[in-house]
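Encoded as structure tokens, the structure appears first; notes follow it.
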Amino acid sequence: MVSPIVSLQAPKDVSIDEIEAELRSLWQSQGSEEDGAAVTRAATFSLIVYEPDGTQQLLASLGFYTGPIDGIAGPRTKAAIKAAQKAYNMEATGKSDNTLLKQLQTEFVKAKAEDKLTSENKTAAINYSPDSEGATADAIAAANPCRIVTLCPILGEDTGVKAQVSAYCPINKQTKNTLVCCEYITLSGTAEALERIGGIIAALAIPDLPKFVWWKATPTPEHPLFKRLVSSSDTVIFDSSSFVHPEADLKSLAELLQQDTALADINWRRLAPWQELTAAAFDPPERRAEIYEVDQVTIDYELGNQSQALMFLGWLASRLKWTPLEYHWEGGDYDIRRVKFTDDKQRDIHAELAGIPTADWGDIPGDLVSLRLNSTNLDADCCTVLCSSTSGCMKMEAGGGAQSCYIEEVTPLSDQKTENLLAQQLQRWGREMLFEESMTITSQILQLLK
């Protein structure tokens, strides 16, 4: 539960070169104890958030756009905007504005209510949730008073960059008549305009404190602003549940890791209960050796985003030292993907990833539904079935075979919300070796896709 937030300074428009002076003035005016409480500014870390305005997500969810969600008005984005403008009887300028954005929002709500969004478009639709009300920022600030710099790339006219500053204080941080408050800086403009002030953006991070970048968009290794922010940050944070093209975008993450970039994926953290229960299934002494008999893996996930399934498979393969040999996409109603591995005993291991159509789609695209580990050796005691408590085990239990299976229900953790996972991630920085080892195998799998 987020602690109440007290406004110390409502959003105030300032010029870019006045940001620091305005914040200094604010703290100087609030720094006394005349009213019974002293106020101090954030002193834990800086978080730079790159958050496109939602136009591309809406265009993608409505079927106009198939490109990356990056906030950049490239040729595909302009073509999609023109197509939408024509469809809604607007002047086809190829440039977004508030009128188009409001129309897209209206059409999105209508399509969602009528369940007209395709499974491919639901990923973009679910992730259309710009933090315009500051809910995520407030959750972070309540746990860790910090400086949050939000970059809002827009697809409209390039009129430079607009800046706002504000300050809020979580009530539960009051200790001995002192409020420790969070600073918010919001910069909005086209991607090109934001790039022009890239040096200023990097300099807005508080010196000598950890620096995080939360890139709420497609990984863009060649994006000049992305390069600049990566070079000056301790950790770059993604959420692969928002990837509209999961396989291509996961490959980009793997390439960044190979370039010695410290990365974190919030979606990886959602796999923790599945990983823990998988390990626990083979904790009993009589089952410990049986894990090495597994040569059949089936992973079901909610149709629309394969990121969790691929990362879990990469984690499992990295722990059991499996080497990927083949990766094939079959498609069909369940969007079947098959992966073949070999182990150090030259055994073949076969994995199937299946996207399960769901009538009532949840908050996170591609959440795992169920997992089955089995063996062609009918004497092996390794059959293990894990199922989400929200979707049941019917499909997995139907393939029981001659051996009895260890069956466990995975209960979603109460702290799986994005803002809570992000707040946890911000408690640490630097490299996560288990994530990197797993992503190495996931990348090797993706390289084999034909």
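The values are calculated or read from the model by the stated rules, or taken from the named source; none is laboratory data. The shown structure was predicted, so the numbers you read here are calculated from the model rather than taken from an experiment. Every residue, glycine among them, receives a Cβ derived from its backbone with ideal geometry; neighbour counts consider all protein chains shown. Note: accessible area is taken over every heavy atom of the protein model, side chains too, but ligands, DNA and RNA are not part of it. Shrake-Rupley method; radii C 1.70, N 1.55, O 1.52, S 1.80 Å.
Observations, loosely collected:
- So residue 254, is it within 27 Å of residue 68 (Cα to Cα) and outside any strand (DSSP E or B): yes
- Residue in region 346-357 that is more than 18 Å from residue 276 (Cα to Cα) and basic (Lys, Arg) present: yes
- Residue that is modelled with the lowest pLDDT, among those in region 191-242 that are in a helix (DSSP H, G or I) and within 28 Å of residue 270 (Cα to Cα): 242
- Given (1) over 23 Å from the mean Cα position of the chain (by Cα); (2) open to solvent by 40 Å² or more (accessible area, probe 1.4 Å), index of the condition residue 80 fails: (2)
- Out of 113, 139, sole residue that is open to solvent by less than 30 Å² (accessible area, probe 1.4 Å) and either closer than 30 Å to residue 26 by Cβ or at pLDDT 75 or above (or both): 139
Every residue, every condition in (1) open to solvent by 10 Å² or more (accessible area, probe 1.4 Å); (2) assigned to a helix (DSSP H, G or I); (3) over 30 Å from residue 232 (Cα atoms); (4) without any contact (Cβ under 8 Å) to a residue 24 or more places away in the chain, yes or no:
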site	(1), (2), (3), (4)
276	yes, yes, yes, yes
279	yes, yes, yes, yes
298	yes, no, yes, no
304	yes, no, yes, no
308	no, yes, no, no
315	yes, yes, no, no
330	yes, no, yes, yes
334	yes, no, yes, no
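- Where strands (runs of 3 or more DSSP E) sit wholly within region 336-450, those with at least 2 residues that are at pLDDT 85 or above and surrounded by fewer than 18 Cβ atoms within 10 Å (Cβ to Cβ) occupy 336-342, 348-356, 406-410.
- So residue 186, is it in a loop (DSSP other than H, G, I, E, B) and among the hydroxyl-bearing types (Ser, Thr, Tyr): no
- Residues of region 199-239 that turn out to be surrounded by fewer than 17 Cβ atoms within 10 Å (Cβ to Cβ), within 18 Å of residue 74 (Cα to Cα) and touching a helix residue (DSSP H, G or I) at 6+ places or on another chain (Cβ under 7 Å), as a count: 2
- Region 317-328 - residue that is surrounded by 18 or more Cβ atoms within 10 Å (Cβ to Cβ) and hydroxyl-bearing (Ser, Thr, Tyr) and, of those, farthest from the chain's Cα centre (by Cα): 327
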